[in-house]
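Just so it is clear, none of the values below were taken in a lab; they were calculated from the coordinates. All values derive from a computational prediction rather than experimental measurement. Glycine gets a Cβ as well: all are built from the backbone with ideal geometry, and neighbour counts include every protein chain shown.
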């Protein structure tokens, strides 16, 4: 009995796949631009780099890889809610540490959902693997107080195509006076990325 059911299931699968292949042979090729414009791309992956807005006692820059997942818009109007997860490298002086973060994000298309320009914002909680940095000579030190930090950022994103974008954001990082020292870091950030 089991052998008969397996044979019927296998023959049904073969018949369905053969008819699908035959049907697809008659379809005209779909240009990539039409294919992409018909998709709802609700994930983004990007590379973000940042430099401080003001002079620091040690040279600082950041490099970050992030992933965003958009949520359905339901009752949010034009606002598009998302969640962002990121891994960054914080380079200060001759040392570097890693920064793991997660938090909510939001974007607002300027002139409706077809708009190429969006206002963006995000807020995240961070875990720094290293929070004290020295310069090359060791005479200047930057202390962020401890491993837990918070950020908020505001910016704008421009969609070159439906699947590619560039973004600028201003970001503020601080520990919220959780530790003895709280030297906030504000950065200008540029990002490029793809939607999928």
Handout entry: Residue satisfying all of: in the stretch 108-121; free of Cβ contacts under 8 Å to residues at least 40 places away in the same chain and assigned to a strand (DSSP E or B); nearest to the chain's Cα centre (by Cα) among these
Key = 121
Handout entry: Options 186, 136; residue that is farther than 19 Å from residue 67 by Cα and not in a strand (DSSP E or B)
Key = 136
Practice task
For residue 83, state whether it is over 24 Å from residue 180 (Cβ atoms) and either assigned to a strand (DSSP E or B) or without any contact (Cβ under 8 Å) to a residue 24 or more places away in the chain (or both).
Solution key: yes
Handout entry: For residue 145: the one exception among (1) assigned to a strand (DSSP E or B); (2) crowded, with 17+ Cβ neighbours inside 10 Å
Key = (1)
Problem - Candidates 139, 91, 99 - the one that is surrounded by fewer than 17 Cβ atoms within 10 Å (Cβ to Cβ), closer than 22 Å to residue 55 by Cα and in contact with a strand residue (DSSP E or B) (Cβ under 8 Å, 6 or more places away or on another chain) - result: 91
Practice task
Could you please find all residues in the stretch 124-133 being exposed (fewer than 15 other Cβ atoms within 10 Å of the Cβ) and part of a strand (DSSP E or B)?
Solution key: 125, 127
